[in-house]
Structure formats: structure tokens, C-alpha cells
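Asks: I have a structure I would like to understand better, so I am pasting it below and will then ask my questions one at a time.
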Amino acid sequence: MHFFLNLRLYSALSIGTILLLVGCGKKPIDDSVKEVIRPPQSQIDTYLEKQDVSCENNQVCPNYITKLVIVNGDKFNFCTGFLVDENTVATSSSCLPNLLRLAGQDCSRDIFFFFPKSINFPAERAGCLKVRMVSQNEDKDPILWRDDVAFLELSKPMYFRRKAQILREGILNNREYTTWMIDQQDGFSAIIKKSTCEGVHNSYINPLVLNESSPNMLFSDCPVTRGGSGAPIIDIRGKVRAMISQNMDPKLRSYLESTGLLLQPLKEMSHGTNFACAPTHDDDDMLEERECLKDLDYSKVDRARSEMLSTNLLFADLKKKYEESIQGLSKYVQFGVKLIPKGDIQETEVYPKCFRPLGTWLESLGTNRNTYVEDIPITSKTFKRSMDSFGRVLATTNEVITKTTMVQFSLKNLRSNKKSSILMWVDGDNSNLRTFQNITDQCSNSLL
């Protein structure tokens, strides 16, 4: 419960921070903020002439990958893009300055493309003509981005380079994909790095990723490099399924790592746009409209995370299997399991639910005995709420020492009243004697 409350507090603080930022946006402009001055064009041209991009370790990489150099005020940003036709490059919308996030906007003075040398073609440079299509992401948290894509028209066509084909088949859970990212080494040189990504569904990090059609996807093991945003996620056929966007929130990572719930170190996790849903420059098809167009908001994030942490849901299957495993311990008594919450740990207590049908065994014990005592080996277990390296919440089982438990009941009362109290205690330790009154052979078929 401590973990649950603190994570909800983390979400609440995140929302509060965003509201504060929105509120601050309504205040008068601070006169002390200096105006950002764009460098002279000659200085920009000199800087661009020094740009370089090449494939890592001289390996062959797709020649449709391009490095974007973006003039953003007095700074230069770097991103990854890929050719989707001879005139169009796809990249991440979040790479672009706010002023360029508008369809039809002239980008000739702000965005420049650098294509690597390949076996058959030299390195090439191209300019940007206009923004053809761009996502509008007003929220600061990429969990709530429905898509993060931009399609930019080149100043000249690239007829002889390969074109990446976008496929609307979605991202499968635990399926490996390939990505090629720009990794800017310094102010000028960049290399194109190959990584293997794994699709991740049902993670606490982004609980809105439920299936292959969820609009905002989550990936492991391919952290976004400097310049990596906009990199394509490619399947084994070389088709583009998604696009890398942003790394997970480092504050959320730090918090999860501090909870003690992780069974293994948390993997590098990144958000991405799923082309099962995202529109492109030439179509707006979807794999599954209902999932693609579902609401994305913090209330749904909180609700989904609450369900992930719910002990009733989390431990239900383990509890059922444990109850099934102890049903053969006694010929006469059927047992149930009670969960005792203690923070992220659930202790278990075995108790008698009912007698087995009296007609099947009571007479076999004769009429001369009034009390029956049997010894039963019971292995006590604890269930723990944990988290795997993908940020998925799960329950783990710890077995404690097996102890011989004594079970006593009255045959006399069963013969006369069809019910009896049952006493249970650990052999040799009467201090933990437990009494369960008026137990009958009327037992629910379901395991409680």
C-alpha cells in the first residue's frame, strides 16, 4: 500500500506541475528574458558545411536514413529521419521548434538533411521545402501523445535511394525489432547506430499500451541517443512499424528504482509512435479504430496503474493455485487460503472451509471414537508485489518452512449435529491454537 500511495502521489505531483506550467504561461512576459537571436546565415552555412554522418563501424546501414540538423533560435538540434518517398522525410514532431509545427510551414531556413555515403552513392545534403504534416502534442508527458510524427518535403527529390515502407500491422508484445538511430558525437560528426528494440505491453511505465494497436507504444533496450528521436522501428521484413520518440521520464525511473520492487534492474525504456494508428502524409488508415482513438488522459493512466497494483487482481491466480495444491492434504477436511496484507507482501493462512461430504467417510471411522486428530504437513507461503525489468507489476511466491499442523474435530458432534468445531495448531506448539466453529459439509464449489 505504501508503494501504491506514493506512486499515486507521484502522478498527482506530475499533474500539479503541468497545471502550474500552464498557469505560468498566462502570466505577463518577464522583461528580463532575453530575446533569442538567430545566428547570421553565413555562420549557419559554415556550420552546416562541417556536418558529417556515417554508418557505425563501416557496416551497411539503410541509405534512407538521414540526419536532421534543425536551427532552433541560437541552437542546433539533431534528429533522425527516413525517406518514405523521393520527396518526403518522416521524423518526430517533437524534434521541431514550435514555430514549425504547422502544416504548410516553410522550413527552408530551419531544417537540413544529411544522407550517409553508401556502397553506390556518395553522401548527400538536401534542404527542407515545407512541413507537409505534423502532430500537435500540447501535453508535456509523452505517455499522452497519440502520435509524434512529422512529414517534411525535401527541396530536391532523392530518386536513387531506397524508400522506407510504413506497415500498419502494429507492435507485438515481447517481439524484437530493429532501429537505426543518429548518434551525434559532437557538434558536427554523427554515426548511425543499429539497436534491437523489444515491444512492451502492460507496463506500469505506460499502462495505456495494451495491444499491438495502442497508439503510443513502449520499447525496451533502445534508448534514444542524441539525435535518435524520429528513428524508425523496423520488422524482420524491413518494414517500418513505429517511430522512436522520447526516453521514459527519468524521475519515474528513479522512483521505481527506489521502491525495492524491481526483481532485476529496470531496462532502458522509450516511448514511440505506433503506425498502426498514426496518420501519414498520404493516408490515415488504422489497424483497429477503437483502440487507436481511445481517450488518453491522466485519469486513465491512474486507473490503469491502480488496477495493476490491486492485490485482489494481482494475487488471485496465485491464491487459487495454492488452494488447489492443498486440497489433497486431508481425507476429511477441505481447506481454503486467507490473504493477510502487510504492505507489498501478502501472508497466507490456511483455514478449514468445510468437511468433505459426511456420507462418504463418517461411518468409516466407526462409532466408538468421539474425537479425531490428524497431522497434516502445510507449507506456508507469502506472496510479494514485485516489478520485472520491463516495469510490469507481478506477484511472486516465497515458500516458508513446511510444518506439521494438527487438525482436531468432534466425530460425536458430526454424527448428532452434522457440524463441529475444528481446532488447528502447529505440532509441538500449542500457543498458536486456532478454533473454527460450526464447520459443516456445506462448502462452496468455488475457492474463496
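Asks: Can you say whether Pro223 is surrounded by 15 or more Cβ atoms within 10 Å (Cβ to Cβ) and closer than 20 Å to Asn174 by Cβ, as far as the supplied structure shows?
Replies: Details: surrounded by 15 or more Cβ atoms within 10 Å (Cβ to Cβ): yes; closer than 20 Å to Asn174 by Cβ: yes.
Spelling it out, Pro223 is indeed surrounded by 15 or more Cβ atoms within 10 Å (Cβ to Cβ) and closer than 20 Å to Asn174 by Cβ.
Asks: A further question follows. Looking at this structure, is Asn312 out of contact with any Lys or Arg (no Cβ under 6 Å at 6 or more places or on another chain), loosely packed, with under 12 Cβ neighbours inside 10 Å and assigned to a helix (DSSP H, G or I)? Break it down into steps so the answer makes sense when it comes.
Replies: Numbers: out of contact with any Lys or Arg (no Cβ under 6 Å at 6 or more places or on another chain): yes; loosely packed, with under 12 Cβ neighbours inside 10 Å: yes; assigned to a helix (DSSP H, G or I): yes.
Spelling it out, Asn312 is indeed out of contact with any Lys or Arg (no Cβ under 6 Å at 6 or more places or on another chain), loosely packed, with under 12 Cβ neighbours inside 10 Å and assigned to a helix (DSSP H, G or I).
Asks: Follow-up question, since we're still on this one. Output the qualifying pairs, or none if there are none: Cβ atoms under 8 angstrom, residues six or more apart or on different chains, first residue in region 236-255 and more than 17 Å from Thr225 (Cα to Cα), second residue part of a helix (DSSP H, G or I).
Replies: Lys251/Tyr10; Leu252/Tyr10; Tyr255/Asn6; Tyr255/Leu7; Tyr255/Tyr10
Asks: Further question on the same structure: Among strands (runs of 3 or more DSSP E) lying entirely in region 363-443, which contain 1 or more residues that are of a type in the set (Val, Ile, Thr) and within 30 Å of Arg175 (Cβ to Cβ)? Step through it out loud before you land on a result.
Replies: On the way: elements: 371-387, 393-410, 420-426, 429-439.
Per the criteria, 393-410.
Asks: Show the residue pairs that are 6+ apart or on different chains and have beta-carbon atoms under 6 Å apart, the first residue being within region 303-330 and within 28 Å of Phe355 (Cβ to Cβ), the second being aliphatic (A, V, I, L, M) and assigned to a loop (DSSP other than H, G, I, E, B).
Replies: Lys320/Leu447; Glu323/Leu447
Asks: Right, here's the next one. In region 79-115, how many residues are of a type in the set (D, E, K, R) and under 14 Å from Val131 (Cα atoms)? Steps first, answer last, please.
Replies: So the first thing to find is which residues in region 79-115 are of a type in the set (D, E, K, R), and the list is 85-86, 101, 106, 109-110.
Subset that is under 14 Å from Val131 (Cα atoms): 101, 106, 109-110.
Residues flagged as of a type in the set (D, E, K, R) and under 14 Å from Val131 (Cα atoms) within region 79-115 amount to 4.
Asks: For region 334-360, name all the residues that are exposed (fewer than 14 other Cβ atoms within 10 Å of the Cβ) and under 15 Å from Lys412 (Cα atoms).
Replies: Listed by number, the list holds a single entry, Gly359.
Asks: Also, quick follow-up: Would you mind finding the one in Val69, Val89, Val131, Val149 that is touching a residue at least 60 places away in the same chain (Cβ under 8 Å), buried (at least 21 other Cβ atoms within 10 Å of the Cβ) and touching a Leu at 6+ places or on another chain (Cβ under 8 Å)?
Replies: Details: Val69 fails: touching a residue at least 60 places away in the same chain (Cβ under 8 Å); Val131 fails: touching a residue at least 60 places away in the same chain (Cβ under 8 Å); Val149 fails: touching a Leu at 6+ places or on another chain (Cβ under 8 Å).
Within the list Val69, Val89, Val131, Val149, the selection yields Val89.
Asks: Consider Arg290 against the criteria (1) modelled with pLDDT under 95; (2) part of a helix (DSSP H, G or I): it satisfies all of them except one. Which criterion is unmet?
Replies: Against the list (1) modelled with pLDDT under 95; (2) part of a helix (DSSP H, G or I), Arg290 comes up short only on (1).
The values are calculated or read from the model by the stated rules, or taken from the named source; none is laboratory data. Here the structure is a predicted model, which is why all the values come from computation and not from measurement. Heads up, the Cβs are rebuilt from the backbone with ideal geometry, glycines too, and the neighbour counts pull from every protein chain shown.
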